[in-house]
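Reviewing the structure listed below.
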Amino acid sequence: MNVAKLCNGCDDCNQKAPMFQVLTDEELMIINKDRYSVRFHEGEVILKQGTKADYLISVVEGFAKTCIEGHNERNLILDYVKPWRLVGGPAAHVGGKHRYSVIAVQETLVCFIDVNNFTKVFTSNSEFSEKVLVHCSGNYLSALERMVGLSQKQMHGRMADALIYLSTEIYLSQIIGSEISRQDMADYTSMSKDSAIRILKEFERDEIIILDGKRIEILSDGRLHEISQRG
């Protein structure tokens, strides 16, 4: 995947990032101060769980996964992050350390925004602060829905949810790319890798999906939604 060149400044990027379109030139200069962009290759760590939360990140191109590193080398993928998602906000104000890691799934371009500069603009521009709060509220509601699914649905329902989400929200396609490994599917659905593979093979046997190497092609959205609703 070809990723855009590194950002020259927030004014160049402003037409792409809806949240920042309400800022004045002066406020964009504040956001741009101490901001820098980095290109990450597939599998590279963008933010490390436990490190100091001095910066927010905004995904410009590509996409990444947020995951909690648990006990006994078990990880839980919280979500997948696409443009123009802001990541890392709560950690800057509660505890001061990142509570999860962010890892590039594809080659990904990320902007690092200084927390103090972001806070200055947040407190001075009410329209911007409202957009940020709406953004954070949406993330929170999505997390609640995920928690209900993981805690109350059986493995088949959780796998159906994962396939629907990746298809409709991340890839915007019936084909889920090879970047999403079988281990990722397991970590996202809170099951073992063996269980994830077994359920995917059952879905293939039932002609719901096709396993094409590492790729997954969805044949029947309707069947997946039925399985999701049954839980």
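Overview of results
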{"read-out": "Cα-based reach from Lys52 at 18 Å (exclusive), listing lysines while leaving out same-chain residues under 8 positions away", "value": "Lys97"}
{"read-out": "Net dipole in debye of segment 10-149 [+1 Lys, Arg Cβ; -1 Asp, Glu Cβ; about Cα centre; nearest 20]", "value": "440 debye"}
{"read-out": "Estimated FRET transfer efficiency (Val45, Ser126; beta-carbon r; R0 45 Å; 0.05)", "value": "0.80"}
{"read-out": "Qualifying aspartates and glutamates (Cα of each under 20 Å from Cα of Lys201; at least 8 residues distant if same chain)", "value": "Asp161, Glu179, Asp184, Asp187, Asp212, Glu217, Asp221, Glu226"}
{"read-out": "Stokes-Einstein D in µm²/s, Kirkwood radius over Cα pairs - the chain at 10 °C with 1.306 mPa s viscosity", "value": "84 µm²/s"}
{"read-out": "Fewest-first ranking of Ser178, Ser58, using other Cβ atoms within 10 Å as the exposure measure", "value": "Ser178, Ser58"}
{"read-out": "Global form of segment 44-88, assessed from the alpha-carbon gyration tensor, a/c cut-off 1.5", "value": "oblate"}
{"read-out": "For segment 102-162, average projected area of the Cα convex hull in nm²", "value": "6.2 nm²"}
{"read-out": "For the chain, with +1 on Lys and Arg beta carbons and -1 on Asp and Glu, the positive-most of Ser167, Ser181, Cys136 along the dipole", "value": "Ser181"}
{"read-out": "Packing-based exposure ordering (other Cβ within 10 Å, fewest first) of Met29, Met147", "value": "Met147, Met29"}
{"read-out": "Net lengthening on full extension, Glu73/Arg182 (0.36 nm per residue, minus Cα-Cα)", "value": "37.6 nm"}
{"read-out": "Square roots of 5 times each gyration tensor eigenvalue, C-alpha, segment 19-79, largest first, Å", "value": "29, 13, 11"}
{"read-out": "Net +/- balance of residues flanking Asn32 in space, Cβ distance below 13 Å, scoring K and R +1, D and E -1", "value": "-4"}
{"read-out": "Other-chain or far-sequence residues with amide H under 5 Å of Val60's (modelled H)", "value": "Leu109, Val110, Cys111"}
{"read-out": "Ranking of Leu163, Leu86 by count of other Cβ atoms within 10 Å, fewest first", "value": "Leu86, Leu163"}
{"read-out": "Largest-first principal axis extents of the Cα set of segment 153-230 (Å)", "value": "25, 25, 24"}
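Each value in this text was obtained by applying a stated rule to the coordinates, not by laboratory testing. Note that the coordinates shown come from a computational prediction; the quantities given were computed from them, not determined experimentally. Please note: Cβ atoms are built from the backbone with ideal geometry, for glycine as well, and neighbour counts cover all protein chains shown.
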